[in-house]
1. How much area per residue is accessible in the range 10-120 when the probe is 1.4 Å and only protein heavy atoms are counted (Å²)?
2. Using 0.36 nm per residue of separation minus the Cα-Cα distance, give me the extension gain between Arg77 and Lys256 in nm, one decimal.
3. Find the relative contact order for the range 10-120 and round it to a whole percent, using C-alpha pairs within less than 8 Å whose residues are 6+ positions apart.
4. Given a cut-off of 21 Å, name the pairs among Lys335/Lys364; Lys49/Lys354; Lys327/Lys369 whose C-alpha atoms lie farther apart than that in the structure shown.
5. What ranking, highest mean first, results for peptides 358-364, 111-117, 288-294 when packing means the other Cβ atoms within 10 Å averaged over each residue?
6. What is the percent carbon and sulfur in the accessible area of the range 10-120, measuring with a 1.4 Å probe over the protein chains and ignoring ligands?
7. Could you check what % of the DSSP bridge pairs in the range 10-120 are antiparallel, to the nearest 5?
8. HN-Hα J couplings of the range 364-370 from phi, Karplus 6.51/-1.76/1.60, θ = phi - 60°, integer Hz, Gly and Pro as x?
Amino acid sequence: MKEFVISEAKVETAILVGLITQTQDERKTNEYLDELAFLAETAGAEVVKRFTQKLPTANSVTYVGKGKLEEIRTYIRNEEEEEREVGMVIFDDELSAKQIRNIEAELKVKILDRTSLILDIFAMRAQTANAKTQVELAQYKYMLPRLQRLWTHLERQGGGSGAGGGKGSVGLRGPGETQLEMDRRIILNRMSLLKERLADIDKQKATQRKNRGRMIRVALVGYTNVGKSTIMNLLSKSEVFAENKLFATLDTTVRKVIIENLPFLLSDTVGFIRKLPTDLVDSFKSTLDEVREADLLVHVVDISHPGFEEQIEVVNKTLAEIGGGGKPMILVFNKIDAYTYIEKASDDLTPRTKENLTLEELMKTWMAKMEDNCLFISARERINMDELKNVVYQRVKELHVQKYPYNDFLYQTYEEEE
């Protein structure tokens, strides 16, 4: 039943398909396909070809046009003749059951969309019982409206209605529908059980949070693969798993951190990503409760990424959706050591774009916008980490005094006592 996700560890070859639409220009489509390629690589696939097409909106039957689908099919056949088998075709948007069925019938290979690919990475990354339960629920939510595609081999048995209404229909009327309903009921029952488990986990997590004592909670949030776990390791002096792959962190990790005389709780959360359906976010409710209940958010941004401003918007939008918007926030631009820009020629009189800004100019722009709530660091090279610690300390201290006015800091410094 889970045939539409990558379940094997072997390297498979993949083709990527994206659309250039009225709301998504060519530059943005290429950027999205770069991210899709990174997702495919994280899942264990090797991208061998990309196809794009200009359309006002996605084709409701086959996502791309008939001619483009034929072009993809020709490429797959040519590769097979050269004994280079194409394992799958991955589409950059979520596909409906009808689209998947029609595309599969035409291309005769495994068809994935962005959502199923992300789900497969989630399943691969899930380590704890909590994360595994959340991933399984998300997979069933994705699978439920697509069940019919898994039973197309029974369609020919549907027959007609009434006496002799369809050739060979006697005794074979509607078994596909019966099997579909049976599967639907099994999945709904399983989803109900998983929701009950997650409700129990939510209660346990809530109890754990209550027992953490009077400490300010700080949550690291941001787009996936921006360096949150690396920052977590440096601030908490712990060994949280960090890797240059998407969704390396799926379980929320909470550590007690002490800066000078002030202890607080720091949590590393799952990274956000664009085009992620809300029902998948809902499956990670207990994980994202750490964000909802945080007193301070540290929004980490990869400044070396060409689309970092859009990533900021995606994170802010997701935070608002899960009820984490409006909280005190520090914007931390990470990876300044990897930042590059295109210097304009002296005789180029065209207006400068974002790509032509130096790091210093970019820093001045954001600092003017965010005032003191904006920092530029490199966690890998440990640049400006002391400044980050100092700013976090000051913000946490302010929040601590407001929230717990009669609670002394657990650790007093000798300088203050003198």
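The values are calculated or read from the model by the stated rules, or taken from the named source; none is laboratory data. Keep in mind that what you see is a predicted model, and the values were worked out from it rather than measured. Backbone-built Cβ (ideal geometry, glycine too); neighbour counts: all protein chains shown. We work out accessible area using only protein heavy atoms, side chains counted, and drop any ligands, DNA or RNA first. Shrake-Rupley method; radii C 1.70, N 1.55, O 1.52, S 1.80 Å.
1. For the range 10-120, the solvent-accessible area averages 46 Å² per residue.
2. 58.8 nm
3. 33 percent
4. Numbers: Lys335/Lys364 17 Å; Lys49/Lys354 29 Å; Lys327/Lys369 17 Å.
Those over the limit are Lys49/Lys354.
5. So the peptides 358-364, 111-117, 288-294, ranked by packing, come out 111-117, 288-294, 358-364.
6. Looking at the range 10-120 in its full context, I get 44 percent from C and S.
7. Working: 1 of 18 bridges.
Percent antiparallel among DSSP bridges in the range 10-120 is about 5.
8. Using θ = phi - 60°, the values come out as 4, 4, 6, 5, 5, 7, 9 Hz.
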